[in-house]
Amino acid sequence: MDLIALAKTGEIGDDTAKEFSLTQYQPPLELFVIRKTGRIFAYINRCPHTGVTLNWMAHQFFDIENEFIQCATHGALFTVENGHCVRGPCAGAYLQPAPIIIEDGMIYLQPREYHAGDHAGNDSLD
């Protein structure tokens, strides 16, 4: 599969995030791209505890201090750098990374085969 263009790197400022719903997958693949201290990361938008989306408003993933990714449902906190849950009901679990490539100022999703179960808590990918 070809790379899927998500955004220009300049569209995502430090301590901000942008969510995406990729309808070429069924059900749509929900993910977000987040930037912290100049580094860009991407994760599937799903809490490992219950499978709910993490953000509390459109594109709002950071806690109030802009230090951690926060689950709006249970308040779980995840490190931006690796998605590790450091506090909350899923402590010790990880967010599922979305494989991205940054090239020529663009952020691309590197497609994989995603399955319907991946959207609801099954972390296995082909």
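The values are calculated or read from the model by the stated rules, or taken from the named source; none is laboratory data. Just so we're clear, the structure is a prediction, and the values are computed from it rather than from any experiment. Cβ: placed from backbone, ideal geometry, glycine included. Neighbour counts: every protein chain shown.
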> Checking Ile44 against (1) among the aliphatic types (A, V, I, L, M); (2) in contact with an Asp or Glu (Cβ under 8 Å, 6 or more places away or on another chain); (3) free of Cβ contacts under 8 Å to residues at least 40 places away in the same chain, which single condition isn't satisfied?
Replying inline: (3)
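Please work out if Ala58 is among the hydrophobic types (A, V, I, L, M, F, W, C), at pLDDT 95 or above and in contact with a strand residue (DSSP E or B) (Cβ under 8 Å, 6 or more places away or on another chain).
Values: among the hydrophobic types (A, V, I, L, M, F, W, C): yes; at pLDDT 95 or above: no; in contact with a strand residue (DSSP E or B) (Cβ under 8 Å, 6 or more places away or on another chain): yes.
Considered against the rule, which asks whether it is among the hydrophobic types (A, V, I, L, M, F, W, C), at pLDDT 95 or above and in contact with a strand residue (DSSP E or B) (Cβ under 8 Å, 6 or more places away or on another chain), Ala58 comes out as no.
Filter region 27-53 for residues that are aliphatic (A, V, I, L, M) and at pLDDT below 95; which is farthest from Lys8 (Cα to Cα)?
Step one: filter region 27-53 for residues aliphatic (A, V, I, L, M), giving 29, 31, 33-34, 40, 42, 44, 52.
Restricting the remaining residues to those that are at pLDDT below 95 gives 29, 52.
Details: Leu29: 19, Val52: 27 Å.
Taking the candidates together, the pick is Val52.
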>> Could you go through region 16-32 and let me know if any residue there is closer than 14 Å to Phe78 by Cβ and more than 12 Å from the chain's Cα centre (by Cα).
In response: no
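If you scan region 1-50, which residues turn out to be among the aromatic types (Phe, Trp, Tyr) and in contact with a strand residue (DSSP E or B) (Cβ under 8 Å, 6 or more places away or on another chain)? Show your work before the answer.
Quick first cut of region 1-50, residues among the aromatic types (Phe, Trp, Tyr) only: 20, 25, 32, 41, 43.
Across region 1-50, the qualifying residues are Phe20, Phe32, Phe41, Tyr43.
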> So which of Val33, Val86 is aliphatic (A, V, I, L, M) and surrounded by 14 or more Cβ atoms within 10 Å (Cβ to Cβ)?
Replying inline: Val33
> Restricting attention to region 4-18, does a residue exist that is polar (S, T, N, Q) and under 22 Å from Glu81 (Cα atoms)?
Replying inline: yes
> Would you pick out the residues in region 36-60 that are over 11 Å from the mean Cα position of the chain (by Cα) and not aromatic (Phe, Trp, Tyr)?
Replying inline: Lys36, Thr37, Gly38, Arg39, Pro48, His49, Thr50, Gly51, Val52, Met57, Ala58, Gln60
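Please state which one of Ala5, Ala72, Ala58 is among the small types (Gly, Ala, Ser), loosely packed, with under 14 Cβ neighbours inside 10 Å and in contact with a Phe, Trp or Tyr (Cβ under 8 Å, 6 or more places away or on another chain). Explain how you work it out, then say what you get.
Values: Ala72 fails: loosely packed, with under 14 Cβ neighbours inside 10 Å; Ala58 fails: in contact with a Phe, Trp or Tyr (Cβ under 8 Å, 6 or more places away or on another chain).
On inspection, the qualifying residue turns out to be Ala5.
Mind checking which residues of region 1-24 are part of a loop (DSSP other than H, G, I, E, B) and either within 13 Å of Leu109 (Cα to Cα) or without any contact (Cβ under 8 Å) to a residue 60 or more places away in the chain (or both)? Even if it seems obvious, please write down each step before you answer.
Of region 1-24, the ones part of a loop (DSSP other than H, G, I, E, B) are 1-3, 12-15, 23-24.
Scanning region 1-24 gives Met1, Asp2, Leu3, Gly13, Asp14, Asp15, Thr23, Gln24.
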